[in-house]
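Have a look at the structure below, then the notes.
The values are calculated or read from the model by the stated rules, or taken from the named source; none is laboratory data. On a predicted model such as this, the values are computed, not experimentally measured, just so you know. A quick note on method: Cβ atoms are made from the backbone with ideal geometry, for glycine too, and the neighbour counts reach across all protein chains shown. For accessibility, only protein heavy atoms count, side chains too; no ligands or nucleic acids. Shrake-Rupley method; radii C 1.70, N 1.55, O 1.52, S 1.80 Å.
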Amino acid sequence: MTIERHLITEPSSGKAFVSVTPIISYATVRGDLVYLAGITADPAHPGDVEDQTTQVLERTDQLLKLAGTDKSKLLTAQVWLTDMSLFVAHNEAWNAWVDAKSPPVRACLHSPQLWAPGLLVEIMVTAAK
């Protein structure tokens with residue numbers, strides 16, 4: 001069985017907060033399963049938690065499409081919030097986006113800090129093809 005990797009990042013250095021960008025695949029496909037990396041908003045335009053969640057979910061849609069699937073086939077989702085008081089506002093954006101007839105299992109965890117200042121939410125999903 002082959003493994004497909006999509007959008008592999010190149011290493012970089014010299015950024016103020018992150019000294020070296022990791023070499024990762026944003027999407028990996030093996031068989032009929034699609035794994036996405038943790039996705040965040042654009043740190044140059046973060047916005048509030050609803051804006052960031054919307055950005056993350058739009059990027060998730062794009063990556064799922066690239067990998068040959070869509071949100072109706074999500075199996076799992078892991079969400080990290082830097083402040084759990086943002087949970088309700090995050091869920092408003094999530095609930096507007098998720099396929100209500102095929103929602104994934106989901107965990108939402110507190111992470112005191114994400115990879116860049118100002119980021120409030122990160123989401124990682126697994127889907128079927």
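Those residues that are open to solvent by 80 Å² or more (accessible area, probe 1.4 Å) and either touching a helix residue (DSSP H, G or I) at 6+ places or on another chain (Cβ under 7 Å) or hydrophobic (A, V, I, L, M, F, W, C) (or both), I need them from the range 108-128; list them, please.
Step one: of the range 108-128, the residues open to solvent by 80 Å² or more (accessible area, probe 1.4 Å) are 109-110, 112-113, 115, 117.
Passing the criteria: 109, 110, 115.
Look through 78, 52 and report the one residue that is modelled with pLDDT of 95 or more, closer than 24 Å to residue 25 by Cβ and in a helix (DSSP H, G or I). Answer to the selection: 52.
Conditions tested, residue by residue: (1) without any contact (Cβ under 8 Å) to a residue 60 or more places away in the chain; (2) farther than 30 Å from residue 3 by Cα; (3) buried (at least 16 other Cβ atoms within 10 Å of the Cβ).
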site: 58; (1), (2), (3): yes, no, no
site: 77; (1), (2), (3): yes, no, yes
site: 80; (1), (2), (3): yes, no, yes
site: 90; (1), (2), (3): yes, yes, yes
site: 106; (1), (2), (3): yes, no, no
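Within the range 63-75, the set of residues being among the hydroxyl-bearing types (Ser, Thr, Tyr) and either outside any loop (DSSP other than H, G, I, E, B) or over 16 Å from residue 26 (Cα atoms) (or both) comprises 72 only. Of all the residues in the range 92-104, those that are free of Cβ contacts under 8 Å to residues at least 24 places away in the same chain and of a type in the set (D, E, K, R) number 0. Among the criteria (1) open to solvent by 50 Å² or more (accessible area, probe 1.4 Å); (2) more than 16 Å from residue 124 (Cβ to Cβ), the one residue 31 does not fulfil is (1).
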